[in-house]
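The values are calculated or read from the model by the stated rules, or taken from the named source; none is laboratory data. Bear in mind that the values here come from a model prediction, so they are computed numbers and not experimental data. Heads up, the Cβs are rebuilt from the backbone with ideal geometry, glycines too, and the neighbour counts pull from every protein chain shown. In case anyone asks, the SASA skips ligands and DNA or RNA and just uses the protein heavy atoms, side chains included. Shrake-Rupley method; radii C 1.70, N 1.55, O 1.52, S 1.80 Å.
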Amino acid sequence: MNRTSIILPQLFKGIALFTPGGDLIYCIDPSKQGQWHLNLCTALQEILALPEPPHFLIPGYTATVDRWFDTSSQDYKTVAEVYPAVQRYQPLLNAIFATGNLVWQTASWQEQCCNPAIVETYRDQFPQLWENHDLIVGFEKKELLDQVISDLYRQESVSSPVEEDQSSYVLRLFVSGNSVATKQTLKTIHQLLEEGLRHPYTLKVIDISKYPEQAENNQVSAIPTLMRVWPQPVRRIVGELGDLQRVLQILATR
């Protein structure tokens, strides 16, 4: 078991992110100003050598706890919420957040974001997440502050039509083979998403030359095809993806 030692402050917000295999990474934020899910995804990517941050685990594999001082009762209050997929880990959550025998509230299930069938589609690409490494890692805020500042600077310097919507995006890119054109498409899409889409996102690249059934199942008739699976409605961009502003506008349209 790999676990860092953290001294809990009296007032804090705690965020935990689990993997399907049962590993855990969490953060304790005394300022209660940050939502650390994306940073935990990035840290999990580094620890498990994942191809990209596993944003698709949010929010279905998360838990949050908030501890504050109630001036009316002159006492400390704690509210804790956990999603059904990781509800069985309440004793572990109580241990890392020092919340005693607190009974955690069950978060409302969001079928669009927490659909087990959608999460399962990532098993082949992220097999490490379905393995149990007996991993418990805690990050203090100071360890992630530089990354957050960097992210905020990037967001402030990039113009995007989807600034205020914080929902995550699930995208699929259909290509064929490992040609120069395919490499250029991947480079273009990566640039678009990193510089223009100010949202957490997961991009799944599907090579229809290896998985032709995926083209049929997703009604893909030409390549490249970029599909926005979530948020709904589903949107497709077929063919030329070089006009980044046009592609970004289509992705952002509700």
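The combined condition, being part of a loop (DSSP other than H, G, I, E, B) and either among the charged types (D, E, K, R) or at pLDDT below 75 (or both), is not fulfilled by residue 147. Taking the listed residues 194, 213, the one that is open to solvent by 30 Å² or more (accessible area, probe 1.4 Å), in the same structural domain as residue 248 (by the TED database) and closer than 21 Å to residue 115 by Cβ is 213, with no other qualifying. For residue 87, indicate whether it is in contact with a strand residue (DSSP E or B) (Cβ under 9 Å, 6 or more places away or on another chain), in a helix (DSSP H, G or I), open to solvent by 40 Å² or more (accessible area, probe 1.4 Å) and at pLDDT 85 or above. Judged against the criteria, residue 87 is a match.
Can you confirm whether residue 43 is open to solvent by less than 20 Å² (accessible area, probe 1.4 Å), at pLDDT 90 or above and out of contact with any Gly (no Cβ under 8 Å at 6 or more places or on another chain)? Answer is no for this residue. Scanning the range 162-190 for residues that are of a type outside the set (Val, Ile, Thr), at pLDDT 75 or above and more than 19 Å from residue 50 (Cα to Cα) yields 174, 176, 177, 178, 179, 181, 183, 184. Filtering the range 224-254 to residues that are open to solvent by 80 Å² or more (accessible area, probe 1.4 Å) and part of a loop (DSSP other than H, G, I, E, B) leaves 232, 240, 243, 254. Of all residues in the range 67-74, one or more are modelled with pLDDT under 85 and touching an Asp or Glu at 6+ places or on another chain (Cβ under 8 Å). Using the structure shown, decide if residue 59 is part of a loop (DSSP other than H, G, I, E, B) and modelled with pLDDT of 85 or more. Answer is yes for this residue.
Among the residues of the range 217-248, those identified as closer than 14 Å to residue 172 by Cα and basic (Lys, Arg) are 228, 235, 236. Just one of (1) open to solvent by 70 Å² or more (accessible area, probe 1.4 Å); (2) touching a residue at least 12 places away in the same chain (Cβ under 8 Å) fails for residue 180. It is (2).
The set of residues in the range 21-56 that are part of a helix (DSSP H, G or I), touching a Pro at 6+ places or on another chain (Cβ under 9 Å) and farther than 20 Å from residue 194 by Cβ contains only 48.
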